[in-house]
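As structure tokens, the structure follows; a few thoughts come after it.
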Amino acid sequence: MAASNVRSVLNFNVGVLGHVDSGKTSLSKALSTVASTASFDKNPQSKERGITLDLGFSSFYVDIPEHLTGLDGGRYDTLQFTLVDCPGHASLIRTIIGGAQIIDLMMLVVDITKGIQTQTAECLVIGEITCQKMIVVLNKVDLIPAEKKEAMIEKMTKRLQKTLETTKFSGCPIIPVAAKPGGPETPETEAVGVDKLITTLKSLTYKPQRVIGGAFVYAVDHCFSIRGQGTVMTGTVLSGKVSVNDTLEIPSLKVTKKVKSMQMFKKPVTEAFQGDRVGICVTQFDPKQLERGLVCTPGTLPTIIAAIITIKKIPYYKGEVSSKGKFHITVGHETVMCKLTLFGDQNIVDPVKQESDSFNFNRDYFYLDNLISDLKSEQNKEPVNKQFALLEFEKHVTCAKDSLVIGSRLDSDIHLNTCRLAFHGHLLEAITDEKYRITVLPKLRVFKNKCREGVVERRHDDYTVICRGLFKKETKVELFTGLKVVLSTGEQGVIESGFGQSGKFKVRLPDGLSSQADGILQVKNKKSKSKQAAEAPATERSTSDSIKIVLKFKRYIYDSKKQMYQT
């Protein structure tokens, strides 16, 4: 693309995801005509092992498809596909997640001889979270004997269609190809089915939503030096735009650098916009300091130690997502360990204002032991309309507000046929204060409902009863004085004071004892005096003739004073 403000090329990012050794890199090579500095297994270990260990980027150009010719007054004449080749190796799923956040369409590559495998399914989950369109590429059809090929393709296509029925990608195209007939070790061979794949890709393209205004945020995936020129960062523009001579910040290092020059796939440019794949050259910067991360307009991205997010459980994850549990959190281009605290909102979503769709420090939320998969289930103890989580990171993270967040258990056994992706959400509140447990958490109104039960021991007078069982002997009953209680016979009362030294207490009943309650207590009093009751085992003294007393209150989990509240 020429270094001009008039843009004739529309860039479209296509993620190439799939299980290890499904042929993603071979497919990217078959499609691409121009490779960026980050493409095709530049990592020495990748070449040695024959698998991709990092994100690879390459591109190819086609004429603008007919359905896009009228865009922006017909300013585009060329469509550029930027291929993001994501690793399929099980331990590198954090890298896949980092790549998935910058794609407009996903190609899910499936080895036709193996079908859906563990990482294939995980890539499908990532696709559901991060993009709206997908093409399934049935690769390695050359390995099927000619007489069985058509039947095998039909069988696998039907199986995949069935799998995708319950996803947003139901009915998506499934294209059989042979990206590298004979395998990667064979001499140069011509790919089969790629023309049809490109035609399908063109038909599914759309103008991605690109925001030129606003702060510049840039996801760097590689950094290297060029003798005599400076240090080059390669990456994708996530938002805003950048021009030559702009000043950029590397927030994780707290340093700023000026843009010396830029290139898009080896062509010089003076500016780049959201969605563009671009190399940015700066001077006097050691590339070893930044392997991967975010670069931005100075002051744009906070470095956070905790966050509040919306959260949804991924249905394929079979384990529990629990408060106080630890998960790997991928946000921005980083993956760190994190402790969760879950809470829910009972407010009904206003379809116009969407008020309960956002977090508000002035609103009460109730504590959740576990993340709820189905909010509408009748089995839920509490009606929940929205779920949130407090994330407490083990180390600092640099990311933008509203960043995609994905939680996973990457320490799970990679040989088990199980999804390791547990939940996803978006960042709502970034917490930067190191002392947030003192300065921020007390403002977080997350409460637990508490319920204690005891029994009425005897009648003191018409308006007072003596009770036991709510408190331990050492409990300071005065802390509970004034709290409301309810008797199982319907009377409402107030804890008045302690009574003696054994945890007993007085309850004042403003409307007095009912005749029913008075009768029960008289019968109980007579039984307690009888010899028969005294000789009977304690277990035989049934509570069926006792009056229960119930104390309900709520306590905010971050309240240092541990006060009790009642409505």
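The values are calculated or read from the model by the stated rules, or taken from the named source; none is laboratory data. Please read these numbers as outputs of a predicted model, since none were measured by experiment. Counting neighbours? That spans all protein chains shown, and the Cβs are built from the backbone with ideal geometry, glycine included. For the accessible areas, the whole protein counts, side chains as well, though only heavy atoms, and no ligand, DNA or RNA atoms are used. Shrake-Rupley method; radii C 1.70, N 1.55, O 1.52, S 1.80 Å.
A few remarks follow.
- Across segment 148-239, the volume of the C-alpha convex hull divided among the residues equals 215 Å³ per residue.
- Other residues within the sphere of radius under 14 Å centred on the Cβ of Val177, judged by their own Cβ, net out at +2 (K and R +1, D and E -1).
- Mean Cβ neighbour count within 10 Å, used as a protection proxy, ranking 486-496, 290-300 highest first: 290-300, 486-496
- Radius 10 Å from Cβ of Val259, net charge of other residues (Lys, Arg +1; Asp, Glu -1): +1
- Per residue, segment 175-303 exposes 48 Å² of solvent-accessible protein surface, assessed with a 1.4 angstrom probe and all protein chains in place.
- On segment 276-346, 48 percent of the accessible area sits on carbon and sulfur atoms, based on a 1.4 Å probe.
- Scaling against 2.2 N^0.38 Å puts the C-alpha radius of gyration of segment 270-347 at 1.56.
- The alpha carbon centroids of segment 63-77 and segment 462-524 are separated by 79 Å.
- Solvent-accessible area assigned to carbon and sulfur over segment 375-519 amounts to 46 percent, based on a 1.4 Å probe.
- Local charge for Gly500 was computed over the other residues whose Cβ lies under 13 Å away, with Lys and Arg +1 and Asp and Glu -1, and equals +4.
- Most to least accessible of His333, His460 (protein chains only, probe 1.4 Å): His460, His333
- Computed over protein heavy atoms with a 1.4 Å probe, the carbon and sulfur contribution to the accessible area of segment 131-240 reaches 54%.
- Across Lys339/Lys548; Lys29/Lys207; Lys202/Lys258; Lys140/Lys168; Lys448/Lys524, pairs whose alpha-carbon gap is larger than 30 Å: Lys339/Lys548; Lys202/Lys258; Lys448/Lys524
- Kirkwood-Stokes translational diffusion coefficient of segment 401-526, alpha-carbon pairs, 20 °C, 1.002 mPa s, µm²/s: 111 µm²/s
- Whole-number accessible area per residue in Å² for segment 370-523, which is evaluated in the context of all protein chains at 1.4 Å: 56 Å²
- In terms of the mean number of neighbouring beta-carbon atoms within 10 Å, the peptides 18-27, 386-395 order highest first as 18-27, 386-395.
- Rounded to the nearest 20 debye, dipole of segment 103-162 from Cβ charges on Lys, Arg, Asp, Glu: 220 debye
- In the context of the full set of protein chains, residues of segment 115-162 present 48 Å² of accessible surface per residue (probe radius 1.4 Å, heavy atoms only).
- Binned Cα-Cα distance frequencies in segment 140-186 - 10 Å width, integer %: 25, 41, 28, 6
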